[in-house]
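Have a look at the structure below, then the notes.
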Amino acid sequence: MPVQLTPNAIAAISAGDLNSKPLVQVIDIKLLGTQERYRFIVSDAVSCQHAMVATQLNDRIKTSQVKKGSIIQLTDYISNYFQNHKIIVVLNMETIILDSEIIGDPKPYVESGSTAQKALPNNNFEHSVRDSNNYMISQESVRNVQSLRPTSHSGTSLNRGPNLRPTFHSENSVHNVPNFRPTVQPPYQPPPQYKNHGSIVKNEAPARIIPINALNPYQGRWAIKARVTAKGDPRRYNNARGDGKVFSFDLLDSEGGEIRVTCFNAVLDRFYDTIEVGRVYLISKGSLKPAQKNFNHLKNDWEITLDASSTVELCPDEDGSIPEQKFSFRHISEIENVDSNSIVDIIGIVISVNPSVPIMRKNGMETQRRIVNLRDWSGKSVELTLWGDVCNREGQRLEDMLASGLFPVLAVKAGKINDFSGKSVGTIHSTQLFINPDIPDSYSLREWFDQGGKDTASVSISKDIVPGGSKNEIRKTVSQIKDEGLGRSDKPDWVTVKATISFIKTDSFCYTACPLMIGDRQCNKKVSRSGNRGWQCDRCDQEFEECDYRYLLQAQIQDNTGLTWATAFQESGEEILGCSAKDLYLLKEQDDSRFGDIVRSSIFNQFLFRLKIKEETYGDEQKVKITVVKADKVNYSSESKYMLDMILKFSR
């Protein structure tokens with residue numbers, strides 16, 4: 001059975017025919033650098049041309065479903081100019097024959113004004129083809145093609161004149177290639193729809209709607225139909241090119257592809273009011289650039305920048321095929337092993353909401369912070385920190401629901417992982433909160449909680465809460481910290497120790513700290529006096545009249561097995577001494593006797609200390625640092641139950 005490539009396929013594609021689904025042969029494959037993008041040279045047996053392969057087809061090449069010599073059918077493709085050269089962009093393809101000898105004697109296709117093909121003579125090929133690894137057919141590729149041509153049984157090369165082409169026969173071929181005799185093809189004639197229109201110019205054809213995952217920089221005319229899932233606020237910036245403003249929004253299409261779109265300056269003014277979260281738009285004529293992963297959490301290597309020629313059209317008819325939102329939820333237990341600053345989606349039951357408190361940002365502006373605690377069926381709970389307007393919007397709504405006895409489900413889209421004193425999640429400008437969302441995960445979580453999940457114990461992976469009491473604690477004695485070598489592994493050890501405070505250093509129990517915000521965290525860097533009244537932060541490079549006071553409490557704790565030193569910072573220092581660092585500092589300045597009474601009243605009090613133990617390097621010496629994350633006064637009823645459980649355990 002003969003193999004017949006589609007005659008004049010390369011010329012037809014270059015002239016604008018995108019519907020013929022031609023049969024072509026892959027005569028070269030090359031991986032372009034580290035971009036994970038493949039380049040083909042495809043042939044119709046007479047002409048050949050470069051083709052860029054969409055990244056969603058990479059697995060077919062990596063798994064050898066397509067290789068050099070394969071006969072493929074182009075089922076979805078476009079032709080476009082890139083750096084003044086015509087290339088084919090392959091969006092989808094089917095492999096017809098996996099292995100085949102190179103068919104014909106293909107020459108690089110060259111366009112002319114009349115759209116007729118002009119193949120370059122062999123003796124001029126070396127001087128006519130530009131040396132380029134990416135966008136012109138190289139001499140090396142042609143030599144590789146020639147080296148794959150079949151030979152006769154005697155092993156000698158086929159001799160032919162300049163106008164002869166080889167004939168392949170199954171009975172004479174070493175690899176049993178089917179019969180094929182390419183014919184001399186006449187100059188390509190454009191299809192009727194292009195007749196009398198002259199050559200097709202760039203961007204004359206209407207843009208086609210393509211999936212977001214098929215977008216690549218080698219396309220010229222494209223359009224995507226997608227739903228806006230998130231919209232950022234306008235932001236000002238200042239860099240070497242001057243001042244400006246920018247905003248971005250995220251898109252989701254019917255195939256689950258996501259991409260971020262960015263607008264600057266005049267384009268922002270044009271589109272900002274048009275874009276609404278939840279609406280579907282038809283967007284075209286934007287440029288694709290590599291995604292800035294420091295600011296873009298979407299799973300796409302590209303992002304779109306709109307310009308003056310871009311179009312954004314609202315689709316008034318609701319498209320049910322495009323989901324409202326796309327989540328990739330992680331169980332709370334998995335967050336313990338996620339790197340800091342990673343962006344994640346989580347869903348959980350809200351079990352507590354703290355009041356909103358004011359915080360001073362680095363720019364001197366005040367913002368709000370609110371702590372919410374979530375738990376799920378993984379047996380873990382986590383602290384979620386809300387920042388800004390969301391505190392008084394979704395945060396207040398959650399607080400009201402808990403006050404009325406409800407435990408709502410909260411889905412968090414694009415939360416940021418922090419790892420200070422355990423793992424927590426914080427909101428950023430692109431974070432979205434969904435209360436009792438209409439999704440299957442929400443219903444499953446609600447059913448689990450209502451049918452007994454609320455009565456099960458959970459362990460906090462954050463610093464502020466330890467729900468469930470003694471059942472969740474890893475109890476150790478003071479001597480076990482040293483005897484078991486705690487803190488000397490790659491990760492810190494977290495343990496609970498019941499101990500008594502035997503001594504507190506009072507000469508440097510606190511320090512003056514910067515009150516400004518850096519991102520979603522307070523600076524807290526130590527500040528120094530600037531003049532008579534102000535304070536200076538070297539890290540923020542700003543001055544301010546009032547500083548913050550934060551505990552840096554050095555305390556000696558002991559139990560019946562031994563004693564050790566531990567450091568308590570702000571929250572745990574307040575739990576030990578019963579007042580803020582600022583109040584105690586001012587009291588020391590004004591009433592030293594009263595200051596001494598407060599410190600002495602904390603001595604010999606027994607606490608359940610939640611400790612973080614980690615080996616750190618000071619100069620050339622390594623020391624195990626013990627930090628008090630939380631200090632709870634002993635609840636003797638709970639402690640008695642714990643001790644009885646331990647007695648029963650050891651008596652078995």
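So is K118 modelled with pLDDT of 85 or more, out of contact with any helix residue (DSSP H, G or I) (no Cβ under 6 Å at 6 or more places or on another chain), open to solvent by 30 Å² or more (accessible area, probe 1.4 Å) and among the basic types (K, R) or not? Spell out how you get there, then give the answer.
On the way: modelled with pLDDT of 85 or more: no; out of contact with any helix residue (DSSP H, G or I) (no Cβ under 6 Å at 6 or more places or on another chain): yes; open to solvent by 30 Å² or more (accessible area, probe 1.4 Å): yes; among the basic types (K, R): yes.
So K118 fails the test.
With the condition being under 16 Å from V629 (Cβ atoms), I'd like the strands (runs of 3 or more DSSP E) fully within region 498-593 carrying at least 3 qualifying residues. If you could, list the steps in order and put the result at the bottom.
On the way: elements: 510-513, 528-530, 534-537, 542-544, 548-551, 553-559, 562-568.
So the answer is 553-559, 562-568.
So E336 clears everything in (1) within 21 Å of R260 (Cβ to Cβ); (2) at pLDDT below 90; (3) open to solvent by 50 Å² or more (accessible area, probe 1.4 Å) except one condition, right? Which one?
For E336, the exception is condition (1).
How many of the residues making up region 295-327 are open to solvent by 50 Å² or more (accessible area, probe 1.4 Å) and without any contact (Cβ under 8 Å) to a residue 40 or more places away in the chain?
Residues in region 295-327 being open to solvent by 50 Å² or more (accessible area, probe 1.4 Å) and without any contact (Cβ under 8 Å) to a residue 40 or more places away in the chain: 7 in total.
S430 fails exactly one of the following numbered conditions: (1) under 28 Å from P323 (Cα atoms); (2) open to solvent by 30 Å² or more (accessible area, probe 1.4 Å). What is the number of that condition?
(2)
Give region 209-224 a look and list any residue that's at pLDDT 85 or above and either open to solvent by less than 70 Å² (accessible area, probe 1.4 Å) or under 19 Å from M52 (Cβ atoms) (or both), or say none.
Correct list: I210, P211, I212, N213, A214, L215, W222, A223, I224.
Between a residue in region 531-544 that is open to solvent by less than 60 Å² (accessible area, probe 1.4 Å) and any residue that is part of a strand (DSSP E or B) and at pLDDT below 80, which pairs come within a Cβ distance under 8 Å, given they are 6 or more apart or on different chains?
That search, which allows pairs on different chains as well, returns C540/I518.
So E621 ticks every box in (1) surrounded by fewer than 15 Cβ atoms within 10 Å (Cβ to Cβ); (2) within 19 Å of W494 (Cβ to Cβ); (3) not aromatic (F, W, Y) but one. Which box is left unticked?
(2)
Which strands (runs of 3 or more DSSP E) sit wholly inside region 226-280 and have at least 3 residues that are in contact with a strand residue (DSSP E or B) (Cβ under 9 Å, 6 or more places away or on another chain), under 23 Å from T431 (Cβ atoms) and open to solvent by 20 Å² or more (accessible area, probe 1.4 Å)?
In region 226-280, the matching strands (runs of 3 or more DSSP E) lie at 235-239.
Name the residues in region 423-445 that are touching a helix residue (DSSP H, G or I) at 6+ places or on another chain (Cβ under 9 Å) and either within 30 Å of E571 (Cα to Cα) or in contact (Cβ under 8 Å) with a residue 60 or more places away in the chain (or both), would you?
Correct list: K423, S424, V425, T427, H429, T431, L433, F434, I435, L445.
Taking only pairs six or more apart or across chains, which ones have beta-carbon atoms under 7 Å, a first residue in region 11-40 that is aliphatic (A, V, I, L, M) and part of a loop (DSSP other than H, G, I, E, B), and a second residue that is open to solvent by less than 40 Å² (accessible area, probe 1.4 Å) and modelled with pLDDT of 80 or more?
L18/Y77; L18/I78; L32/R39
May I ask you to list the residues in region 383-398 that are closer than 12 Å to V353 by Cα and either under 25 Å from the mean Cα position of the chain (by Cα) or buried (at least 19 other Cβ atoms within 10 Å of the Cβ) (or both)?
E383, L384, T385, L386, C391, E394, G395, L398, listed by residue number.
Scan region 54-105 for residues that are open to solvent by less than 30 Å² (accessible area, probe 1.4 Å), in contact with a Pro (Cβ under 9 Å, 6 or more places away or on another chain) and among the polar types (S, T, N, Q) and jot them down.
S100
Is it the case that region 631-645 has a residue that's more than 18 Å from T496 (Cβ to Cβ), hydrophobic (A, V, I, L, M, F, W, C), more than 38 Å from the chain's Cα centre (by Cα) and open to solvent by less than 70 Å² (accessible area, probe 1.4 Å)?
No, that holds for no residue.
Residue check: is V46 open to solvent by less than 10 Å² (accessible area, probe 1.4 Å), of a type outside the set (F, W, Y) and out of contact with any Leu (no Cβ under 8 Å at 6 or more places or on another chain)?
no
The values are calculated or read from the model by the stated rules, or taken from the named source; none is laboratory data. Remember, predicted model here, so these are calculated numbers, not experimental data. Ideal geometry is used to build each Cβ from the backbone, glycine not excepted, and the neighbour counts take in all protein chains shown. To get the accessible areas, we keep the full protein, side chains included, count just its heavy atoms, and leave off ligands, DNA and RNA. Shrake-Rupley method; radii C 1.70, N 1.55, O 1.52, S 1.80 Å.
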